[in-house]
Amino acid sequence: RDPLDVMRLREQFPVLAREVHGKPLVYFDNAATVQRPLAVIEAMDDFYRRYNANVHRGVHQLSVEASEAFEQSREDVRRFLNAASEREIVFTRGTTEAVNLVANSYLQPRLKPGDEILITHMEHHANIVPWQMLCERTGAVLKVAPINQRGELMLDAMAEMISERTKLIGVVHVSNALGTVNPVAEVCALASPHGIPVLVDGAQATPHEVVDVQALGCDFYCLSAHKMYGPTGIGALWAREALLEDMPPWQGGGEMIQWVSFEGTTYNDIPHRFEAGTPNISGAIGLGAAIRWLEETGIERMKAHEQRLLKLATDKMTEIDGLTIIGQAAAKGPVISFTLDGVHPNDLGTIIDHHGVALRTGHHCAMPVMQFFGVPATARVSFAAYNLHAEIDVFLKGLEQARQMLA
Ligand code: PMP
């Protein structure tokens, strides 16, 4: 296929035409949430204009159309992840809720005091805190596989930490704080001889990588639509059918039941058993539209462009005195976390904002990563397919000004 036509791609993103503080917007906060293309905005708009109705229960035409679109999106997620069946796709509010669902429904009934959950030092809080809460309730123990100074997972050390008490391994596919792409298939290969399920936090991977859950060999995969050009408030959990079949419901209410009486309730089949209450219908429709848009645009082509931006920005930033890039893994997503000597990231972010450049500063919901590198916070630029080489120059000019004013 031809390389990505970035200028044409940009026309599909209305927000990119706006100005910030009188300057053209340079949006480099894509790892926090990416902007939405017209295909997504219009799919959601169309739902509300033409066929807004509740799903699954109605016999009337609007409800039939809404249910079909909602279930079509489930099929889109299945195809996108190469899952075996759409019965394996549960809609959630996002990655965070997907992890919490696995913690509460899958793992809690299986944990005894002293059992172990193994994660890595580079996890987002979403893949730390639900396990910590579960440990508090059950007496299980959270184990943390180490990372090295480049921000890479130490796979051998992780292998040594696996024991007969390990009940689940949780690993982030692509780190939002460092950019590191983890060798998820190798982690799964370590776990599978022991029969230990692996949960993958795919929040930062799905916008940049072609994901095949069957090839990876994992057991649970979590994603958030808003990181992959879709809306907020919707995401999905993929789980192997046999695991889902074995999981009790987590939240109770409508949609998740088969039969309710005061004597007792029987539960719906998977995946609906895990979708209590009226779902985020417009969100699911937006997620389906985002997936179709990603497939049409071509993730591989987008990735090639993003990797060029990553290399260009990394090369130029490496030349800047006093600038340290935190996270120098061999395989990286388009994320650059950095510190600048003598400059607080928040002050940096504020000055750069006046150049129209949106970047993120703080701990990136990965405080243990900050603790490992001994910094309270970093500044982070993260790229999407619509970003331009020229935008990196605007950012570097802002950076230079911030340095002169603050350092
Ligand atoms: N994991 C990673 C790696 C993330 O980047 C994020 C979002 N910052 C999450 C999990 C949580 O995703 P959400 O807030 O959409 O649930």
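The values are calculated or read from the model by the stated rules, or taken from the named source; none is laboratory data. Computed from a predicted structure; not experimentally measured. Heads up, the Cβs are rebuilt from the backbone with ideal geometry, glycines too, and the neighbour counts pull from every protein chain shown. Keep in mind that these areas ignore ligands, DNA and RNA; they rest on the heavy atoms of the full protein, side chains included. Shrake-Rupley method; radii C 1.70, N 1.55, O 1.52, S 1.80 Å.
Out of the residues in the stretch 4-49 that are among the aliphatic types (A, V, I, L, M) and in a loop (DSSP other than H, G, I, E, B), which is farthest from T206 (Cα to Cα)?
Only one residue tops the list, namely L25.
Is it the case that some residue within the stretch 257-270 is away from the ligand (no atom under 16 Å from the Cβ), open to solvent by less than 30 Å² (accessible area, probe 1.4 Å) and either touching a helix residue (DSSP H, G or I) at 6+ places or on another chain (Cβ under 8 Å) or hydrophobic (A, V, I, L, M, F, W, C) (or both)? Working first, answer last.
Let us first name the residues in the stretch 257-270 that are away from the ligand (no atom under 16 Å from the Cβ), namely 257-270.
This time we only want the ones that are open to solvent by less than 30 Å² (accessible area, probe 1.4 Å), so: 270.
Of the ones still in play, those that are also either touching a helix residue (DSSP H, G or I) at 6+ places or on another chain (Cβ under 8 Å) or hydrophobic (A, V, I, L, M, F, W, C) (or both) are 270.
So far as the stretch 257-270 goes, yes, one or more of its residues are away from the ligand (no atom under 16 Å from the Cβ), open to solvent by less than 30 Å² (accessible area, probe 1.4 Å) and either touching a helix residue (DSSP H, G or I) at 6+ places or on another chain (Cβ under 8 Å) or hydrophobic (A, V, I, L, M, F, W, C) (or both).
Do any helices (runs of 4 or more DSSP H) lying entirely in the stretch 50-138 carry at least 3 residues that are without any contact (Cβ under 8 Å) to a residue 12 or more places away in the chain and either away from the ligand (no atom under 16 Å from the Cβ) or touching a Cys at 6+ places or on another chain (Cβ under 8 Å) (or both), and which ones are they?
Ranges flagged: 61-81.
Please go through the stretch 378-407 and give me each residue that is assigned to a loop (DSSP other than H, G, I, E, B) and open to solvent by less than 10 Å² (accessible area, probe 1.4 Å), ordered by number.
F383, A384, A385, Y386, N387
Among the residues of the stretch 233-251, what is the count of those that are open to solvent by 40 Å² or more (accessible area, probe 1.4 Å) and either more than 26 Å from the chain's Cα centre (by Cα) or hydrophobic (A, V, I, L, M, F, W, C) (or both)?
Residues flagged as open to solvent by 40 Å² or more (accessible area, probe 1.4 Å) and either more than 26 Å from the chain's Cα centre (by Cα) or hydrophobic (A, V, I, L, M, F, W, C) (or both) within the stretch 233-251 amount to 2.
Which of the residues that make up the stretch 336-363 are open to solvent by less than 20 Å² (accessible area, probe 1.4 Å), in contact with a helix residue (DSSP H, G or I) (Cβ under 8 Å, 6 or more places away or on another chain) and closer than 25 Å to K303 by Cα?
Answer for the stretch 336-363, where residues must be open to solvent by less than 20 Å² (accessible area, probe 1.4 Å), in contact with a helix residue (DSSP H, G or I) (Cβ under 8 Å, 6 or more places away or on another chain) and closer than 25 Å to K303 by Cα: I336, F338, G356, V357.
Scan the stretch 227-245 residue by residue and report those that are away from the ligand (no atom under 16 Å from the Cβ) and touching a residue at least 60 places away in the same chain (Cβ under 8 Å). So that I can check it myself, show each step before the final result.
Applying the first criterion (away from the ligand (no atom under 16 Å from the Cβ)) to the stretch 227-245 yields 239-245.
Across the stretch 227-245, the qualifying residues are A239, R240, E241, L243, L244.
Out of T92, T138, report the one residue that is under 20 Å from the mean Cα position of the chain (by Cα) and among the hydroxyl-bearing types (S, T, Y).
Checking each option against the conditions leaves just T92.
Just to check your reading of the model, which residue among R74, R110, R78 is open to solvent by 30 Å² or more (accessible area, probe 1.4 Å), on the phi < 0 side of the Ramachandran plot and within 21 Å of the chain's Cα centre (by Cα)?
Within the list R74, R110, R78, the selection yields R78.
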